[in-house]
Amino acid sequence: QVQLVESGGRLVQAGGSLRLSCTASGRTFTFYTMGWFRQIPGKEREFVAAISSRSGSTYYADSVKGRFTISGDGPKNTVFLQMNSLKSDDTAVYYCAATFRSRGATTATMISEYDYWGQGTQVTVSS
């Protein structure tokens, strides 16, 4: 079985930075695509960023582009989300997701395209 675990979420001041990590365990084969999504209570889960571990291609939601950077360590099945210039609107539970299949600019943003999910880590940005 595969398990994804996020870490790094905490309270941070607006304008500050935070780095989230997600590590997959229970497998030896490297995920092709890993991504980050976030959700506010009562709202739909939304795409944040994704990365192809093979090509290095990255994809970002317009709301975070220029502020967030996704990176990964394929052999370690780990993905990071560096968040800079944080705003109160970034407050949410952040989830990592992964799939063994290739995902492009459109499919990488879709929840249904991912096979494995973490339990989430809370990020709270104070104003």
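Taking θ = phi - 60°, what integer Hz values does the Karplus form 6.51 cos²θ - 1.76 cosθ + 1.60 yield along the stretch 119-126, in sequence order, with x for Gly and Pro?
8, x, 9, 7, 10, 10, 10, 7
Which cross-chain or sequence-distant (5 or more) residues have an amide H under 5 Å from the amide H of Y116, H modelled 1.01 Å from N in plane?
Close amide H contacts, sequence-distant or interchain: A98.
Please give me, ordered by residue number, the trypsin sites (Lys or Arg not before Pro) of the stretch 1-82 that lie in loop per DSSP and have at most 15 other Cβ atoms within 10 Å.
R10, R27, K43, R54, R67
For the chain, what relative contact order do you get, as a whole percent, if you take Cα pairs closer than 8 Å and at least 6 residues apart?
Values: 315 pairs, mean separation 45.8, N = 127.
Across the chain, relative contact order equals 36 percent.
If you build a Gaussian network model of the chain, linking Cα atoms that sit under 10 Å apart, which residue out of T106, T30, T91 swings the most?
Highest fluctuation among the options: T106.
Which far-off residues, 5 or more places away or on another chain, put their amide H under 5 Å from the one on S53, with H placed in the peptide plane?
For S53, the qualifying residues are T33, M34.
Could you give the alpha-carbon Rg of the stretch 78-127 over 2.2 N^0.38 Å, rounded to two decimals?
Output field value: 1.33.
Enumerate the amide H contacts of F68 below 5 Å, restricted to partners 5 or more residues apart or on another chain; note that Pro and chain-start residues carry no placed amide H.
Long-range HN contacts for F68: N84.
In the Gaussian network model of the chain, springs joining C-alpha atoms below 10 Å, which of S88, S55, S17 carries the largest mean-square fluctuation?
S55
Quick check on the chain: what does the Kirkwood estimate of hydrodynamic radius come out to from the alpha carbon pairs, in Å?
Details: mean 1/r = 0.0700 Å⁻¹.
Hydrodynamic radius (Kirkwood, Cα pairs) of the chain is 14.3 Å.
Report the chymotrypsin sites (Phe, Trp or Tyr not before Pro) located in the stretch 1-100 that are in a DSSP loop and have at most 12 other Cβ atoms inside 10 Å of their Cβ, or state none.
F29
Residue by residue, what Karplus-based ³J(HN,Hα) values in Hz, rounded to whole numbers, does the stretch 46-57 have, using 6.51, -1.76 and 1.60 with θ = phi - 60° and x for Gly and Pro?
Per residue, the Karplus-derived 3J(HN,Hα) values read 10, 6, 10, 6, 8, 9, 8, 5, 8, 8, x, 4 Hz.
Where a number appears in this text, it was derived from the coordinates with a stated rule and is not lab data. The shown structure was predicted, so the numbers you read here are calculated from the model rather than taken from an experiment. Neighbour counts are summed over all protein chains in view; Cβ atoms, including those assigned to glycine, are modelled from backbone coordinates with ideal geometry.
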